[in-house]
1. From the set of residues in the range B:207-233 that are more than 23 Å from the chain's Cα centre (by Cα) and of a type outside the set (S, T, N, Q), which is surrounded by the most Cβ atoms within 10 Å (Cβ to Cβ)?
2. For the range B:67-74, indicate whether the set of residues that are assigned to a helix (DSSP H, G or I), within 12 Å of another protein chain (Cβ to nearest Cβ) and in contact (Cβ under 8 Å) with a residue 40 or more places away in the chain is non-empty.
3. Suppose the filter is part of a loop (DSSP other than H, G, I, E, B) and either under 30 Å from B:GLU49 (Cβ atoms) or in contact with a Gly (Cβ under 6 Å, 6 or more places away or on another chain) (or both); does B:ASP135 pass it?
4. Consider B:GLU243 carefully, then state whether it is surrounded by 12 or more Cβ atoms within 10 Å (Cβ to Cβ), touching a helix residue (DSSP H, G or I) at 6+ places or on another chain (Cβ under 6 Å), closer than 26 Å to B:VAL158 by Cα and in the same structural domain as B:LYS126 (by TED's automatic domain parsing).
5. Please state which of the following conditions A:ILE100 fails to meet, knowing it meets all the rest: (1) of a type outside the set (S, T, N, Q); (2) over 16 Å from the mean Cα position of the chain (by Cα); (3) within 26 Å of B:PHE34 (Cα to Cα).
6. Are any residues in the range B:14-37 within 7 Å of chain A (Cβ to nearest Cβ) and over 15 Å from A:SER70 (Cβ atoms), and if so, which ones?
7. Looking only at the range B:181-201, how many residues end up being outside any loop (DSSP other than H, G, I, E, B) and within 22 Å of B:TYR216 (Cα to Cα)?
8. If we only count strands (runs of 3 or more DSSP E) wholly inside the range B:203-277, which ones have 3 or more residues that are in contact with a Ser or Thr (Cβ under 7 Å, 6 or more places away or on another chain)?
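The values are calculated or read from the model by the stated rules, or taken from the named source; none is laboratory data. Not measured: the values here are computed from a predicted model. Please note: Cβ atoms are built from the backbone with ideal geometry, for glycine as well, and neighbour counts cover all protein chains shown.
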Amino acid sequence: MLQDNIKILSRFIVLVLIQTLIFDRITLFGFSYPAVYLFFVINYRFDKSQFILIFLGFLMGLTIDLLQGSSGSNSIATLFISFLRPFIIRFSFGNNLDSISLLSMNSRTSNQIVFIASIILVHQVILQIVSYLDFDHFIVILRNIIVNSIFTFIILFSSVTFFKNKN
Amino acid sequence: MQWFLTTLIQYKNFLFFIILLGIGIAFTVAGSNFHSTKIQEIGVVVSGELLKPIHYSKSYLYLNETNESLLKENNHLRQELLDYKGVQVSTDLDSLNPNLSKYLVRSAEVLRNSYVNARNLLILDKGANDGIKQDMSVIGPDGIIGIVKQTSSNFSSVISILYQDFKINAKLIHTGAFGSLYWEGKDPSKMTFSDVSIINKITKGDTIVTGGMSAYFPKGIPIGIITDFDTPTSGGYYDIKVELFNNLTDLEHVYIIDNKSRSEFLNIQNQDKDASR
């Protein structure tokens, strides 16, 4: 139990550092940066309390916001995704989960892709809408959603595959 | 009680989510001016849409009173127009051409009026689609009311003169002495007129009008009369109590004044600032 919590905490800190120190500096096409901190929400064990995930997700977004200097959009988006995660899990895997963690899962790859992609997509949609909050910029919002989602998906899916093989 | 606790525990995730969402929105609003303006705009639209039917059904009941007051005002304006025509030498219509006048007046109806808070806001049924912009001045039949704070496409919110920390440039009609007018937050019919030097002579019953020293209100709009004043032992400025002409607790129709040379005025002011730097 204690070991689990330490694992979660260290993963939290490492992801925040990776996000702010490395990935915020990589700007693809000059505007897009991947939200790799979503790995925390994706990788959070399915049997753990959702209450704590909501809190940690919010805290994660808030930390990123403070470090990026953006105003609250990351916290709102990550909060939403932590709250909606059980619905997304049911949507992508059905009711019967064969494992407690995505990394040790034997479900079909397509299900896992749906899971990761929908989490990223919902997160990006909320993030971009909250940070622009203006439908005059619809094209910019759409562009950011699409490019960021693809970019984030490539990184997150490859890291999930990588950690899976290591296990 | 048992039921309440059970529901609370059952929906604890959702409740927690809502609480954190509120905190997140608060952070967003506090951190970014743009977001707070947007959120306020949503507030204006929502309350405007909600209040519109209530206002219109209510205003139907007061048609008689409204008609009477409008007639009275019309009468007064006609009188003024006649006086004005009498003064003028040429009879061409240039003076009535809206393109030549400095101000453009639009009428609006008050959807929500407030006067009990420390900072009062009004909501009007005209917005950006009707040409209303931020910082335009709003006057009533008898005097000033406020300044447009924010517009959505169909509604606008107005900072009332009954708004603490809001100072208006005003002057005495007789001596022309300038000062600033503000509300102390108690009585919606009384304001305080300060910063008038004691070298100016004042008496009870003197009229106060807008000074025209800012880009907001045109010069010479009546505000109120002096009811009481103190001559201070030190300091050199009067402490004057003013009774407003306008009854701000009972507003129905207001006029929004567009100062067409406002941008020019602000430009000059900025240049002035740059020069003195």
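1. Just the residues of the range B:207-233 that are more than 23 Å from the chain's Cα centre (by Cα), to begin with: B:228-233.
Imposing the further condition that a residue be of a type outside the set (S, T, N, Q) reduces the set to B:228-230, B:232.
Numbers: B:ASP228: 11, B:PHE229: 17, B:ASP230: 10, B:PRO232: 11.
For the range B:207-233, the residue satisfying everything is B:PHE229.
2. The initial filter retains those residues of the range B:67-74 that are assigned to a helix (DSSP H, G or I), namely B:67-74.
Filter once more, keeping what is within 12 Å of another protein chain (Cβ to nearest Cβ): none.
There is no residue in the range B:67-74 that is assigned to a helix (DSSP H, G or I), within 12 Å of another protein chain (Cβ to nearest Cβ) and in contact (Cβ under 8 Å) with a residue 40 or more places away in the chain.
3. Values: part of a loop (DSSP other than H, G, I, E, B): yes; either under 30 Å from B:GLU49 (Cβ atoms) or in contact with a Gly (Cβ under 6 Å, 6 or more places away or on another chain) (or both): yes.
Yes; evaluated as a whole, the condition is true for this residue.
4. Numbers: surrounded by 12 or more Cβ atoms within 10 Å (Cβ to Cβ): yes; touching a helix residue (DSSP H, G or I) at 6+ places or on another chain (Cβ under 6 Å): no; closer than 26 Å to B:VAL158 by Cα: yes; in the same structural domain as B:LYS126 (by TED's automatic domain parsing): yes.
For B:GLU243, the condition - surrounded by 12 or more Cβ atoms within 10 Å (Cβ to Cβ), touching a helix residue (DSSP H, G or I) at 6+ places or on another chain (Cβ under 6 Å), closer than 26 Å to B:VAL158 by Cα and in the same structural domain as B:LYS126 (by TED's automatic domain parsing) - is not met.
5. Status for A:ILE100: all satisfied but (3).
6. The answer is B:PHE16, B:PHE17, B:LEU20, B:LEU21.
7. Going through the range B:181-201, the residues outside any loop (DSSP other than H, G, I, E, B) turn out to be B:181-182, B:190-194, B:197.
If we keep only those that are within 22 Å of B:TYR216 (Cα to Cα) too, we end up with B:181-182, B:190-194.
Going through the range B:181-201 one residue at a time, the tally reaches 7.
8. Numbers: elements: B:207-210, B:222-230, B:239-244, B:253-259.
Filter on the range B:203-277 gives B:222-230, B:239-244, B:253-259.
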